1. Has the range 80-89 got at least one residue that is without any contact (Cβ under 8 Å) to a residue 12 or more places away in the chain, surrounded by fewer than 15 Cβ atoms within 10 Å (Cβ to Cβ) and of a type in the set (D, E, K, R)?
2. Filtering the range 53-66 down to residues that are in contact with a helix residue (DSSP H, G or I) (Cβ under 8 Å, 6 or more places away or on another chain), farther than 11 Å from Ile22 by Cβ and not aliphatic (A, V, I, L, M), which residue is nearest to the ligand (Cβ to nearest atom)?
3. Check whether at least one residue in the range 2-16 is assigned to a loop (DSSP other than H, G, I, E, B) and at positive phi, and report yes or no.
4. Condition test on Arg74, is it out of contact with any helix residue (DSSP H, G or I) (no Cβ under 6 Å at 6 or more places or on another chain) and closer than 21 Å to Met16 by Cβ?
5. Could you check how many residues of the range 55-66 are touching a Lys or Arg at 6+ places or on another chain (Cβ under 9 Å) and not in a strand (DSSP E or B)?
6. Which members of the range 1-13 meet the condition of being more than 11 Å from Arg37 (Cα to Cα) and either surrounded by 13 or more Cβ atoms within 10 Å (Cβ to Cβ) or touching a Cys at 6+ places or on another chain (Cβ under 7 Å) (or both)?
7. Examine the range 46-54 for a residue that is part of a helix (DSSP H, G or I) and out of contact with any Asp or Glu (no Cβ under 9 Å at 6 or more places or on another chain), and state whether such a residue exists.
8. In the range 23-38, how many residues are more than 16 Å from the ligand (Cβ to nearest atom) and either in contact with a helix residue (DSSP H, G or I) (Cβ under 8 Å, 6 or more places away or on another chain) or at pLDDT below 95 (or both)?
Amino acid sequence: MIRIGVMDEGGIEQQMDHLLGIDATLGTDAWTGREFRLDLPEKFRHSRWALDEAGVPVGFAVVSRKGESVHVHRLVVEPARRREKIGRTLLRAVAESARASGLERMTLKVSSANEAAIRFYEALGFEREKMENENLVLGIAVVMLLGADHPAGPG
Ligand SMILES: CC(C)(COP(=O)(O)OP(=O)(O)OC[C@H]1O[C@@H](n2cnc3c(N)ncnc32)[C@H](O)[C@@H]1OP(=O)(O)O)[C@@H](O)C(=O)NCCC(=O)NCCS
């Protein structure tokens, strides 16, 4: 069973080794403690991680507020735990938090070469907004992301 939790400052310190380990699986541009600790608007309110039965993180979404949007800076699921809907569950938990704060959109940048991630985001309903150098900017209305939980709609 996976449990979703708030990635607050104290928890990040406690789990730093695991977070760095998950991030290192990306192979390039690995984050250091500095990036995990960086204080950004509402970061420690909306960021979420997924914890396994032993309370060990197996994935995380580091986000912050940008205007009226919540912006995803990093979303990683441990390779051995992919395709278990952990990434989707993390983003929906972020969306719940964003909605509670009145934020209307979720945005992110992804390398246009990262086809697996683009397929993942598009499966969730993200739309392509623009290109920024070699990166694709994607966005979705928070209510759309949450509404996908209830395909038949309310009632
Ligand atoms: C992208 C990432 C976070 C997805 O996490 P995940 O937990 O494996 O994804 P989910 O299980 O929630 O996937 C939900 C749906 O997205 C789509 N999807 C996910 N990964 C996919 C892939 N590799 N190829 C095609 N579609 C994919 C599928 O439709 C999937 O549903 P299905 O498994 O029933 O077919 C994960 O692959 C990852 O950590 N990648 C490396 C880091 C990265 O690229 N991050 C994003 C950069 S901004």
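The values are calculated or read from the model by the stated rules, or taken from the named source; none is laboratory data. Because the structure is predicted, anything quoted here is derived from the model rather than measured. Because the Cβ atoms are built from the backbone with ideal geometry, glycine has one as well, and the counts that use them run over all protein chains shown.
1. yes
2. Per the criteria, the residue is Ser64.
3. no
4. Yes; evaluated as a whole, the condition is true for this residue.
5. Residues in the range 55-66 being touching a Lys or Arg at 6+ places or on another chain (Cβ under 9 Å) and not in a strand (DSSP E or B): 1 in total.
6. Once the filter is applied, which keeps residues that are more than 11 Å from Arg37 (Cα to Cα) and either surrounded by 13 or more Cβ atoms within 10 Å (Cβ to Cβ) or touching a Cys at 6+ places or on another chain (Cβ under 7 Å) (or both), the range 1-13 yields Ile2, Ile4, Gly5, Val6.
7. Within the range 46-54 (the criterion being part of a helix (DSSP H, G or I) and out of contact with any Asp or Glu (no Cβ under 9 Å at 6 or more places or on another chain)), the answer is yes, since at least one residue qualifies.
8. Total satisfying the criteria: 3.
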